[in-house]
There are 2 protein chains.
Amino acid sequence: MNNEIPMRAEDRFVDRLRALLPPADAVLLGVGDDAAILRGNPADAVATTDLLVEGIDFLPGEDPERLGRRAVSVSLSDIAAMGARPRWFLLSIALPSPLGEDFALALCRGAWVRGREHGAALAGGDLSRGPCVFVSVAMGGQLESAPLKRSGAQAGDLLYVSGATGRAAAGLALALEAGRDKGLSESHANELLAAYRDPEPRVALGLVLGTQRLARAAIDVSDGLGADATRLARASGVRAVLERNRLPLAPALAAFAESRGVDPLPLILGGGDDYEILFAAPESAAKQLAALPSEVPISRIGFFEAGSGAVLRDDSGDREIDNLGHDHLEAAR
Amino acid sequence: MNNEIPMRAEDRFVDRLRALLPPADAVLLGVGDDAAILRGNPADAVATTDLLVEGIDFLPGEDPERLGRRAVSVSLSDIAAMGARPRWFLLSIALPSPLGEDFALALCRGAWVRGREHGAALAGGDLSRGPCVFVSVAMGGQLESAPLKRSGAQAGDLLYVSGATGRAAAGLALALEAGRDKGLSESHANELLAAYRDPEPRVALGLVLGTQRLARAAIDVSDGLGADATRLARASGVRAVLERNRLPLAPALAAFAESRGVDPLPLILGGGDDYEILFAAPESAAKQLAALPSEVPISRIGFFEAGSGAVLRDDSGDREIDNLGHDHLEAAR
């Protein structure tokens, strides 16, 4: 190393970042060269990428460490929904001039901590200026079983979801209200805010579903339960039936809905940003699924039948639910 | 497939994109699931990511197909500089509302055509709204030899560069002038514009350098020859000496400089966006390098010696050249 030559800010940033990063088994050469070097692996791999834009996918002024954490969680959720084990990720950041090096470093720190919790090492990235904050994560994982594609559901299969959807959308509403108390307890409010800001990717569940062959198809619920159930059904060529009385309602979401005098159902079906796993399981797997440890809560919410689309079924009949939720391209028109 | 259910715009876009993409050996499952599935490979891999922001890394109003092509070329250049073979890439796009689906699809088309030319298949991506166009590529490749890291150069090694640097910076200047003719021939102008808009990644050269063990260290020249020579020297713990009279001057760049009455040297050393490969070779490789086919032009421009930093050497002495070129983080302050 050389002290005579003044270092470029970009290189100084890379040095500061490298000092943070411990060695990782999957990454033979990490941040600081033209590309990362990843250990070869004869097992098939998965790779996904997600882009978060300030003001669209997260609120302006978001804390950088939390933002880095969330960006990585979004990709972890995709890897989880394939039933794969996360291994490495690349992180690109664009940011406006005034935010500078410390903001970028805090974002990287949040990202690598979150990745490490689930076995994914920060292997490299890129940095640029931009008119607002952009964060792009590309993540790779390895398959330890057949992948959980969207296309494997069969008529007669049962439909399950992890956790409870709708909490993140309520959390976003709370964040937008910025503290105006409407009679929600602090613990409920915190739970909902955390569901939005710091979602818990279902990595352990995805691995169990894959390696124990408990699921035939899966999708990560990011655009709303109704929209993603429709995608799962469409890819599999069957109809998904969600039973109204089986949909899990988180107590915090119930309290939120009651405090505002609204129906929680639209949030449950169309809220978005849930990062739960929705999956199809053969009936023969029901017993094993019921016996899974409670750390990975799942609910049976319906089944698949011959037909197409996704419907919510109750005593009054069926209602199509594909048009709920967030459509990135419609929003972009 | 189902015709009763109206498809979400995002899913329709994915369907249109999938229709474009031929099967690829490295990609077992491409666009359209939560993650791509990549064929396992016991060889070590490389992975890199680059992001391009409108108004920073490319000019506003850029043609989407050319932009997709360029974004992929930037990552191909990183893979090339590691001496690896490109295999797959992920593509994320953010775009303002009015541009819509056709713009995104044209960008994808340019990207996959460019990737295919060098063996990299489009495996997946993400799409979001944004205040400007933002393109992020993550690319993976496989190593067929020891990687060309930045850190392997030794005192006594020779310094080579592919092509001729400075043309892209001249091309950017021309694009900003938007057609005001200053006495440059059309063919020279077109060559310079193409160097900026559609750089040629040196994938074949990188593979030759790696598999024939002709290079000990390499870096892709993206921020200017001076800055990247300094990085190569720093990573290797030696000094890079660039000999003034050996620097290649492209005839088109010479004509550009003459037409404007400027010295081409600052463009050659600090222009940026060249996407050439700068590499260190042992003296014993000089003969083989001189015999490489002319499709991959290279020039010997200097050598390494004990010391630090990178200098331009001529009859009047040495001049440090690290502070030329583009610094993404300084620019972001």
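The values are calculated or read from the model by the stated rules, or taken from the named source; none is laboratory data. Being a predicted model, the structure only gives us computed values, none of them experimental. Note that each Cβ is placed from the backbone with ideal geometry, even for glycine, and that neighbours are counted across all protein chains shown.
For the stretch A:27-63, give me each residue that is polar (S, T, N, Q) and under 16 Å from B:M139 (Cβ atoms). Quick ask: steps written out before the conclusion?
Here is the first cut: in the stretch A:27-63, the residues polar (S, T, N, Q) are A:41, A:48-49.
Those that are polar (S, T, N, Q) and under 16 Å from B:M139 (Cβ atoms): A:T48, A:T49.
Assigned to a strand (DSSP E or B) and either closer than 21 Å to B:E65 by Cα or touching an Asp or Glu at 6+ places or on another chain (Cβ under 8 Å) (or both): is that true of B:V113 in this structure? First the steps, then the outcome.
On the way: assigned to a strand (DSSP E or B): no; either closer than 21 Å to B:E65 by Cα or touching an Asp or Glu at 6+ places or on another chain (Cβ under 8 Å) (or both): yes.
Spelling it out, it is not the case that B:V113 is assigned to a strand (DSSP E or B) and either closer than 21 Å to B:E65 by Cα or touching an Asp or Glu at 6+ places or on another chain (Cβ under 8 Å) (or both).
State which residue is nearest to A:A71 (Cα to Cα) when the search covers only the stretch A:37-58 and only residues that are more than 7 Å from chain B (Cβ to nearest Cβ) and more than 15 Å from the chain's Cα centre (by Cα).
Checking each candidate, the answer is A:E54.
Got at least one residue in the stretch B:295-313 being closer than 26 Å to B:D50 by Cα, within 14 Å of chain A (Cβ to nearest Cβ) and buried (at least 22 other Cβ atoms within 10 Å of the Cβ)?
Within the stretch B:295-313, the first condition is being closer than 26 Å to B:D50 by Cα, and the residues that meet it are B:296-298, B:309-310.
If we keep only those that are within 14 Å of chain A (Cβ to nearest Cβ) as well, we get B:309-310.
Keeping just the survivors that are buried (at least 22 other Cβ atoms within 10 Å of the Cβ) gives B:310.
Yes, the conditions are met somewhere in the stretch B:295-313.
This table checks each residue for (1) modelled with pLDDT of 95 or more; (2) assigned to a strand (DSSP E or B); (3) in contact with a Gly (Cβ under 6 Å, 6 or more places away or on another chain); (4) of a type in the set (F, W, Y).
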{"position": "A:F279", "(1), (2), (3), (4)": "yes, yes, no, yes"}
{"position": "A:L289", "(1), (2), (3), (4)": "yes, no, no, no"}
{"position": "A:F304", "(1), (2), (3), (4)": "yes, yes, no, yes"}
{"position": "A:N323", "(1), (2), (3), (4)": "no, no, no, no"}
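Just one of (1) outside any strand (DSSP E or B); (2) buried (at least 20 other Cβ atoms within 10 Å of the Cβ); (3) more than 8 Å from chain B (Cβ to nearest Cβ) trips up A:R66, so point out which.
The failed condition is (2).
From (1) away from chain B (no Cβ under 14 Å); (2) on the phi < 0 side of the Ramachandran plot; (3) of a type in the set (K, R), pick out the condition that doesn't hold for A:R234.
Checking A:R234 against (1) away from chain B (no Cβ under 14 Å); (2) on the phi < 0 side of the Ramachandran plot; (3) of a type in the set (K, R), the one that fails is (1).
For the stretch A:111-145, how many residues are of a type in the set (D, E, K, R) and within 7 Å of another protein chain (Cβ to nearest Cβ)?
If we filter the stretch A:111-145 for residues that are of a type in the set (D, E, K, R), which is where we start, we get A:114, A:116-117, A:126, A:129, A:144.
After this cut, where a residue has to be within 7 Å of another protein chain (Cβ to nearest Cβ) as well, the list is A:126, A:129.
Residues in the stretch A:111-145 being of a type in the set (D, E, K, R) and within 7 Å of another protein chain (Cβ to nearest Cβ): 2 in total.
Restricting to the stretch A:148-157, and then to whatever is surrounded by 21 or more Cβ atoms within 10 Å (Cβ to Cβ) and in contact with an Asp or Glu (Cβ under 9 Å, 6 or more places away or on another chain), can you tell me which residue is farthest from A:D228 (Cα to Cα)? Show your work before the answer.
If we filter the stretch A:148-157 for residues that are surrounded by 21 or more Cβ atoms within 10 Å (Cβ to Cβ), which is where we start, we get A:148-150, A:153, A:157.
Those left that are additionally in contact with an Asp or Glu (Cβ under 9 Å, 6 or more places away or on another chain): A:148-150, A:157.
On the way: A:L148: 15, A:K149: 13, A:R150: 10, A:D157: 17 Å.
Taking the candidates together, the pick is A:D157.
Name the pairs whose Cβ atoms lie under 7 Å apart, with the first residue in the stretch B:159-170 and at positive phi, the second acidic (D, E), and 6 or more positions between them or separate chains?
Correct list of pairs: B:G163/B:E276.
Would it be correct to say that B:S75 is crowded, with 24+ Cβ neighbours inside 10 Å, at the interface with chain A (Cβ under 10 Å from one of its Cβ atoms) and closer than 18 Å to B:A168 by Cα? Steps first, please.
Values: crowded, with 24+ Cβ neighbours inside 10 Å: yes; at the interface with chain A (Cβ under 10 Å from one of its Cβ atoms): yes; closer than 18 Å to B:A168 by Cα: yes.
The answer is yes for B:S75.
Applying the selection to the stretch A:89-109, what residues are aromatic (F, W, Y) and closer than 24 Å to A:V27 by Cβ? Working first, answer last.
Initial filter on the stretch A:89-109 (aromatic (F, W, Y)): A:89, A:103.
Hit for the stretch A:89-109 is A:F89, nothing else.
Residues checked against (1) crowded, with 24+ Cβ neighbours inside 10 Å; (2) modelled with pLDDT of 95 or more; (3) within 21 Å of the chain's Cα centre (by Cα); (4) more than 15 Å from A:D78 (Cα to Cα):
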| site | (1), (2), (3), (4) |
| --- | --- |
| A:A173 | no, no, yes, yes |
| A:E186 | no, no, no, yes |
| A:L192 | yes, yes, yes, yes |
| A:L205 | yes, yes, yes, no |
| A:A215 | yes, yes, yes, yes |
| A:G224 | yes, no, yes, no |
| A:L232 | yes, yes, yes, no |
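Is the stretch A:17-24 home to any residue that is surrounded by fewer than 19 Cβ atoms within 10 Å (Cβ to Cβ), in contact with a helix residue (DSSP H, G or I) (Cβ under 7 Å, 6 or more places away or on another chain) and in contact (Cβ under 8 Å) with a residue 12 or more places away in the chain? Spell out how you get there, then give the answer.
First, the residues of the stretch A:17-24 that are surrounded by fewer than 19 Cβ atoms within 10 Å (Cβ to Cβ): A:18-23.
From the residues that got through so far, the ones that are in contact with a helix residue (DSSP H, G or I) (Cβ under 7 Å, 6 or more places away or on another chain) too are A:20-21.
Next, from what is left, pick out any that are in contact (Cβ under 8 Å) with a residue 12 or more places away in the chain: A:20-21.
Yes: one or more hits.
Between residues in the stretch A:250-270 that are closer than 11 Å to A:L184 by Cα and residues that are β-branched (V, I, T) and at pLDDT 95 or above, which pairs lie under 8 Å by C-beta distance while being six or more apart or on different chains?
These pairs meet every condition: A:L253/A:I268.
Is it the case that B:G226 is in a helix (DSSP H, G or I), within 14 Å of chain A (Cβ to nearest Cβ) and touching a helix residue (DSSP H, G or I) at 6+ places or on another chain (Cβ under 6 Å)? It would help to see each step written out before you state the result.
Working: in a helix (DSSP H, G or I): yes; within 14 Å of chain A (Cβ to nearest Cβ): yes; touching a helix residue (DSSP H, G or I) at 6+ places or on another chain (Cβ under 6 Å): yes.
Yes, satisfied.
Of the conditions (1) within 8 Å of another protein chain (Cβ to nearest Cβ); (2) over 18 Å from the mean Cα position of the chain (by Cα), B:L91 clears all except one; give me its number.
Among (1) within 8 Å of another protein chain (Cβ to nearest Cβ); (2) over 18 Å from the mean Cα position of the chain (by Cα), the lone unmet condition for B:L91 is (2).
Just for the stretch B:158-171: of the residues that are aliphatic (A, V, I, L, M) and farther than 17 Å from B:P297 by Cβ, which one is surrounded by the fewest Cβ atoms within 10 Å (Cβ to Cβ)? Walk me through how you get there before you give the answer.
Looking only at the stretch B:158-171, we keep the residues that are aliphatic (A, V, I, L, M), and these are B:158-159, B:161, B:164, B:168-170.
From what's left, farther than 17 Å from B:P297 by Cβ: B:169-170.
Numbers: B:A169: 26, B:A170: 29.
Ranking the qualifying residues of the stretch B:158-171, first place goes to B:A169.
Report yes if B:G125 is assigned to a strand (DSSP E or B), crowded, with 24+ Cβ neighbours inside 10 Å and modelled with pLDDT under 95, otherwise no.
Values: assigned to a strand (DSSP E or B): yes; crowded, with 24+ Cβ neighbours inside 10 Å: yes; modelled with pLDDT under 95: yes.
In short, yes.
Before we move on, is B:A84 touching a Gly at 6+ places or on another chain (Cβ under 7 Å) and either within 25 Å of A:D25 (Cβ to Cβ) or within 10 Å of another protein chain (Cβ to nearest Cβ) (or both)?
Working: touching a Gly at 6+ places or on another chain (Cβ under 7 Å): yes; either within 25 Å of A:D25 (Cβ to Cβ) or within 10 Å of another protein chain (Cβ to nearest Cβ) (or both): yes.
So B:A84 fits the description; yes.
Please give the number of the condition A:I37 fails out of (1) in a strand (DSSP E or B); (2) surrounded by fewer than 21 Cβ atoms within 10 Å (Cβ to Cβ); (3) among the hydrophobic types (A, V, I, L, M, F, W, C).
The single condition A:I37 does not satisfy is (2).
Starting from residues that are buried (at least 22 other Cβ atoms within 10 Å of the Cβ) and at the interface with chain B (Cβ under 9 Å from one of its Cβ atoms), keep the ones in the stretch A:94-110 and report whichever is nearest to A:V221 (Cα to Cα).
Result: A:A94.
Residues to consider are A:D318, A:D263, A:D273; find the one that is within 14 Å of chain B (Cβ to nearest Cβ), among the acidic types (D, E) and either within 30 Å of B:G130 (Cβ to Cβ) or not in a strand (DSSP E or B) (or both).
A:D273
Identify, by number, the condition in (1) more than 20 Å from the chain's Cα centre (by Cα); (2) under 23 Å from B:M82 (Cα atoms); (3) away from every other protein chain (no Cβ under 14 Å); (4) assigned to a helix (DSSP H, G or I) that B:E258 doesn't meet.
(2)
All but one of (1) modelled with pLDDT under 95; (2) in contact with a strand residue (DSSP E or B) (Cβ under 8 Å, 6 or more places away or on another chain); (3) farther than 25 Å from B:L209 by Cα; (4) not hydroxyl-bearing (S, T, Y) hold for B:V296; state the number of the condition that does not hold.
Condition (3) is where B:V296 drops out.
Rundown of residues vs (1) surrounded by 24 or more Cβ atoms within 10 Å (Cβ to Cβ); (2) not aliphatic (A, V, I, L, M), yes/no style:
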site: A:S259; (1), (2): no, yes
site: A:G271; (1), (2): yes, yes
site: A:P282; (1), (2): no, yes
site: A:K287; (1), (2): no, yes
site: A:A290; (1), (2): no, no
site: A:D315; (1), (2): no, yes
